[in-house]
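Student: After the structure tokens below, expect a handful of questions from me.
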Amino acid sequence: MPLSDVLTLRRTCRNFLPKPIKLQELSDLLYYTGGILFTNSTRFFGRVAKKAAPSPGGRHATELYPVINNCEGLERGIYHYCQKHHSLHLLSKMDDIKSFLGEALYGQDYFLDASVTVFYTSVIDRIKWKYKGARIYRLMHYETAHYAQNFLLAGTAHNLGVFTTAAFNESLVESKLGIDGVHEVAMYVTGAGQKDEIGPYARAGIEVSENVPADFKIALPKPLSSTSEQRLLG
């Protein structure tokens, strides 16, 4: 799907069908959200990871905990996504996912049929290794938002319904994830699943703004022809 279509079609979905997503779709969601594309050496800070999402100082303090409700080939439960090996580790099986999510998301029942709900955390000491002072808390939020946006766009590209919410019970979530809420804290929530086009929260008849021409496509700018031209443009 062209980038322009992904950006204009991204919507918060509040109606999900109780149908599974494919394992490959989940794999793509996690990889383009927090997977490592490559690593490279830096002058002062050793070898750092590079991802589809930017990170302050390349620290990548964000961790992903997918709660799987309905995905082909996977048991229901709480997982941790290992970014280094692009793999999932089952932390705890959970037959009654909806009960947990209902309490964790403060009763936002329109998200309970999503196939996967991802809880984002931030490992504070990882970002404190480079940055000092209160600024680190601002940087944590920036990074988490970059990750979450990639999740929403990747899900939209797969024609899945996607959502994000900051209304969740941090203490309950941290307890279930086995983190202390001090050195690693819960930050954000996104989710994805099969869209229900006629559910109670559906918004039928929405059209893309006429300000976006029907034939408009995102294109990269033409490369600069010379080093002198580059210097001129800064």
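Student: Starting from segment 71-84, keep only residues that are on the phi > 0 side of the Ramachandran plot and modelled with pLDDT of 95 or more, then list their pairs with residues that are among the hydrophobic types (A, V, I, L, M, F, W, C) and open to solvent by less than 50 Å² (accessible area, probe 1.4 Å) whose Cβ atoms are within a distance under 7 Å, requiring at least 6 positions of separation or different chains.
Tutor: As it stands, the answer is Gly77/Ile68; Gly77/Met94, since those pairs meet every condition given.
Student: Then there's this: Would you be able to say whether some residue in segment 86-107 is under 23 Å from Lys51 (Cβ atoms), open to solvent by less than 30 Å² (accessible area, probe 1.4 Å) and part of a helix (DSSP H, G or I)?
Tutor: No: zero hits.
Student: Oh, and also: Residues in segment 127-149: is at least one part of a helix (DSSP H, G or I), closer than 15 Å to Leu9 by Cβ and at pLDDT 95 or above? Walk me through how you get there before you give the answer.
Tutor: Keep residues of segment 127-149 that are part of a helix (DSSP H, G or I), which gives 127-128, 135-149.
Of the ones still in play, those that are also closer than 15 Å to Leu9 by Cβ are 149.
Going one step further and asking which of them are at pLDDT 95 or above, we end up with 149.
Within segment 127-149, one or more residues are part of a helix (DSSP H, G or I), closer than 15 Å to Leu9 by Cβ and at pLDDT 95 or above.
Student: Kindly list the number of the only condition in (1) closer than 14 Å to His86 by Cα; (2) open to solvent by 80 Å² or more (accessible area, probe 1.4 Å); (3) over 14 Å from the mean Cα position of the chain (by Cα) that fails for Leu7.
Tutor: (1)
Student: Here is a follow-up. Taking the options Leu64, Leu23, name whichever one is under 23 Å from Thr165 (Cα atoms) and in contact with a strand residue (DSSP E or B) (Cβ under 7 Å, 6 or more places away or on another chain). Reasoning before the result, please.
Tutor: Values: Leu23 fails: under 23 Å from Thr165 (Cα atoms).
Going through Leu64, Leu23 in turn, just one is under 23 Å from Thr165 (Cα atoms) and in contact with a strand residue (DSSP E or B) (Cβ under 7 Å, 6 or more places away or on another chain): Leu64.
Student: Among residues belonging to segment 98-145 that are among the β-branched types (Val, Ile, Thr) and more than 17 Å from the chain's Cα centre (by Cα), point out the one that is farthest from Tyr201 (Cα to Cα). Full working, then the answer.
Tutor: As a first pass, look at segment 98-145 and keep what is among the β-branched types (Val, Ile, Thr): 116-118, 121, 123-124, 127, 136, 144.
Among the residues that remain, those that are also more than 17 Å from the chain's Cα centre (by Cα) are: 124, 127, 136.
Details: Ile124: 37, Ile127: 39, Ile136: 38 Å.
Among residues in segment 98-145 that are among the β-branched types (Val, Ile, Thr) and more than 17 Å from the chain's Cα centre (by Cα), the one farthest from Tyr201 (Cα to Cα) is Ile127.
Student: Can you tell me which residue is surrounded by the fewest Cβ atoms within 10 Å (Cβ to Cβ) among those in segment 113-141 that are among the aliphatic types (A, V, I, L, M) and free of Cβ contacts under 8 Å to residues at least 40 places away in the same chain?
Tutor: First pass over segment 113-141, keeping only residues among the aliphatic types (A, V, I, L, M): 114, 116, 118, 123-124, 127, 134, 136, 139-140.
From what's left, free of Cβ contacts under 8 Å to residues at least 40 places away in the same chain: 134, 136.
On the way: Ala134: 7, Ile136: 20.
Per the stated criteria, the residue is Ala134.
Student: I've got another one for you. Among the residues of segment 142-158, are any over 21 Å from Lys51 (Cβ atoms), touching a residue at least 60 places away in the same chain (Cβ under 8 Å) and open to solvent by 10 Å² or more (accessible area, probe 1.4 Å)?
Tutor: Keep residues of segment 142-158 that are over 21 Å from Lys51 (Cβ atoms), which gives none.
Among the residues of segment 142-158, not one is over 21 Å from Lys51 (Cβ atoms), touching a residue at least 60 places away in the same chain (Cβ under 8 Å) and open to solvent by 10 Å² or more (accessible area, probe 1.4 Å), which makes the answer no.
Student: Filter segment 169-187 down to residues that are touching a strand residue (DSSP E or B) at 6+ places or on another chain (Cβ under 9 Å) and charged (D, E, K, R) and give me whichever is farthest from Ser122 (Cα to Cα).
Tutor: Applying the filter and picking the extreme gives Lys176.
Student: Looking for whichever is at pLDDT 95 or above, within 24 Å of Leu30 (Cβ to Cβ) and in a loop (DSSP other than H, G, I, E, B) here; the options are Phe163, Phe168. Which one fits? Before you say what the answer is, go through the steps one by one.
Tutor: Values: Phe163 fails: in a loop (DSSP other than H, G, I, E, B).
Answer to the selection: Phe168.
Student: Within segment 26-51, count every residue that is in contact with a helix residue (DSSP H, G or I) (Cβ under 8 Å, 6 or more places away or on another chain) and open to solvent by less than 60 Å² (accessible area, probe 1.4 Å).
Tutor: Going through segment 26-51 one residue at a time, the tally reaches 8.
The values are calculated or read from the model by the stated rules, or taken from the named source; none is laboratory data. Quick caveat: nothing in here was measured; it's all calculated off a predicted structure. FYI the Cβ positions are ideal-geometry reconstructions off the backbone, even for glycines, and counts take in every protein chain you see. All accessible areas refer to the heavy atoms of the entire protein, side chains included, with ligands and DNA or RNA removed. Shrake-Rupley method; radii C 1.70, N 1.55, O 1.52, S 1.80 Å.
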